[in-house]
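Comments concern the structure below.
The values are calculated or read from the model by the stated rules, or taken from the named source; none is laboratory data. The shown structure was predicted, so the numbers you read here are calculated from the model rather than taken from an experiment. Here the Cβ is made from the backbone with ideal geometry for all residues, glycine too, and neighbour counts use every protein chain on show.
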Amino acid sequence: MAKWINIWIRRVLIWPIGALMIYLIMGFRLIIPASWSSLFIGAVVRTVAPLTPWHKRARKNIQLVMPDLSHVEQNQILKKMWWNLGRTMGEFPYLERLSRKDHITEHGSAAIEGIRETGGFIIGGHIGNWELSAFPVISRAIPFSISYRPLNNPLAKHALDNRLSLAQNTFIKGMESARGIIDNARKKQTMILLVDQKLREGMIVPFFGKGATTAVSYIRAALKHHVPLIMVRVKRLKGCQFDLYLETVDTASILANNPEQDPVLAVATAINQRLEEWIRETPEQWFWPHRRWPESKNEPPHEISP
């Protein structure tokens, strides 16, 4: 009976309210500028999110991997994190408008200049406004693919259309995405991936010194088909202004410096290390509620391979 009640509440109450809020945000682009939407939703999320279970999980993750921080410092990170998330949500309907040079300053452009011919993977994490990670290819009119997770709320599934329409090909995470990654590398095309989330299946890779199940299929495909891996970071500045950083993963040097290690693990470790460096620099701009480590769910930690 309890399960039936939960299903009923989700379908009759949670889904409609959630969908209404999402489409309200999407409708903002018709009446107010991006900066207003960003500020308003940022304020709402910063107020409401600390009351949710996600807040407790985010704090637990911070305590797990950054134990030297004081309680006050943790609170500051959490408050600013929800502010950043809310602003990112408020900016979602305006991605096309924000994907212009008057909102984004690009650094490391040389890393991406040849990707039109070589194809490859542009990889990043949920840092700053990660939805703008496609700016380097959009601004250069380079076709690209993305992998995405459908919304759990079926009443709001069309809210993703604005983002999905920017990509030439879209793949749902799972088997479809795995096939898309292989096909992308084989055809020398460009694909954008966020690789900081936990997977049910993947390789155990160090992240903040702890084992984390990590996506590596794109690394295998890149090494096999000799296409570049380019890391992207979108750093929020003031308001709707961003710095975007691009840098090539030097796989040749990584493999040369780790001759005894599994090549895929060596590259994945280097990528996780770089993501960690970015997160430590601006911890308030990373989405901490992810169940990134088994300890996040009170499970035994993963053993890290040598």
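Before moving on, here are some points about what is shown:
- Failed item, numbered, when residue 281 is tested on (1) surrounded by 16 or more Cβ atoms within 10 Å (Cβ to Cβ); (2) under 17 Å from the mean Cα position of the chain (by Cα); (3) within 20 Å of residue 75 (Cα to Cα): (1)
Residues checked against (1) touching a strand residue (DSSP E or B) at 6+ places or on another chain (Cβ under 7 Å); (2) modelled with pLDDT under 95:
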site	(1), (2)
226	no, no
239	no, yes
248	yes, no
259	no, yes
263	no, no
281	no, no
285	yes, no
289	no, yes
292	yes, yes
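- Whichever residue in the range 190-208 is at pLDDT 95 or above and not hydrophobic (A, V, I, L, M, F, W, C) and, among such residues, is nearest to residue 131 (Cα to Cα): 190
- First in the range 31-58 and among the hydroxyl-bearing types (Ser, Thr, Tyr), second anywhere and part of a helix (DSSP H, G or I) and modelled with pLDDT under 90, Cβ under 8 Å, 6 or more apart: 37/25; 37/28; 37/29; 37/93; 37/94
- Enumerated helices (runs of 4 or more DSSP H) restricted to the range 34-107, each holding at least 3 residues that are closer than 22 Å to residue 232 by Cα: 71-91, 95-98
- Qualifying positions in the range 277-302 - closer than 15 Å to residue 129 by Cα and in a loop (DSSP other than H, G, I, E, B): 282, 287, 288
- Residue check, residue 123 touching a Leu at 6+ places or on another chain (Cβ under 6 Å) and at negative phi: yes
- Of all the criteria given as (1) of a type in the set (Asp, Glu); (2) assigned to a helix (DSSP H, G or I); (3) farther than 25 Å from residue 238 by Cα, the one not satisfied by residue 113 is (2).
- Among residues of the range 212-257, those that are of a type in the set (Val, Ile, Thr) and in a strand (DSSP E or B), counted: 6
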